[in-house]
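Have a look at the structure below, then the notes.
The values are calculated or read from the model by the stated rules, or taken from the named source; none is laboratory data. These figures come from a predicted structure and were not determined experimentally. As a convention, Cβ positions derive from the backbone with ideal geometry for all residues, glycine included, and neighbour counts pool all protein chains shown.
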Amino acid sequence: MGDDESLTRARWTSAKFVRNQLRIVLDNTYNPEQEPEDSMTEADLVVSHEDFLRIIRPALGTMSPTDAMAILKRSAFMIFGKKHITYRLPSETPIQAHRIRYTKASIILNSSRPILRNYKEGGPIPLDYEDHTAWETVSWFNVALVNRLLEIFCCLLLLSMLPLKLSS
C-alpha cells in the first residue's frame, strides 16, 4: 500500500466523536420475537446484553461483534416494543438494558381508523382520498412527528438523569 492510499484510507475509515455529543440514528428494525417474556416481576425489567443484541440484530445486520460494540459504546438505544420501552445507555462494556412497561399509544386519529380498516381489508379507495392524503401530509404527519420527537427527547433526557449502576 502506497503512502497516498494509506492516508486516504485513514482519512475515510477513522472516526472521531466529541464526547457526549448528540448523535441520533432512527431505525425501526428490531426482532420482537426475541423480546424476553414478562411475568410482571421487577427482574423482568432487566434485559441481558445477549438478549438485547438478539433484539437489535436486524438493525445491525451481519455486523461483527467488535463493530456492534463500537456502536453500543457510543449510542443510547430506545426500542419501542409491543409492551415495553427497552433502553440501553452507552457503555464500553456489555451491560444490561432496562425496560419500562407501557401500553402502546395509538397515533392514529379516530377519524382515520375506518380508512385504515378499509385499506387493510382491501376495500375501495375512499372518495376523499386525495384531499385526505393532502391533509395528512401537511397536518397529521407534522403533528405526529413533533409529538414523537418530543416524546423521544424527553425519554432521552430522563435516561440521561438516571444513575448508572456500574458492575465490577
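Quick look at the numbers
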{"quantity": "Single residue of 37, 50 found to be acidic (Asp, Glu) and either within 27 Å of residue 153 (Cβ to Cβ) or at pLDDT below 90 (or both)", "calculated": "37"}
{"quantity": "Filter pass, residue 78 being of a type in the set (A, V, I, L, M), modelled with pLDDT of 80 or more and within 30 Å of residue 47 (Cβ to Cβ)", "calculated": "yes"}
{"quantity": "Those residues of the range 30-54 which are of a type in the set (A, V, I, L, M) and farther than 15 Å from residue 88 by Cα, in sequence order", "calculated": "40, 43"}
{"quantity": "Candidate set: the range 63-90, residues that are hydroxyl-bearing (Ser, Thr, Tyr) and over 13 Å from the mean Cα position of the chain (by Cα); chosen: the one surrounded by the most Cβ atoms within 10 Å (Cβ to Cβ)", "calculated": "64"}
{"quantity": "Residue 112 in the same structural domain as residue 151 (by TED's automatic domain parsing) and of a type in the set (Ser, Thr, Tyr)", "calculated": "yes"}
{"quantity": "Test for residue 21: is it modelled with pLDDT of 90 or more, closer than 25 Å to residue 153 by Cβ and among the polar types (S, T, N, Q)", "calculated": "no"}
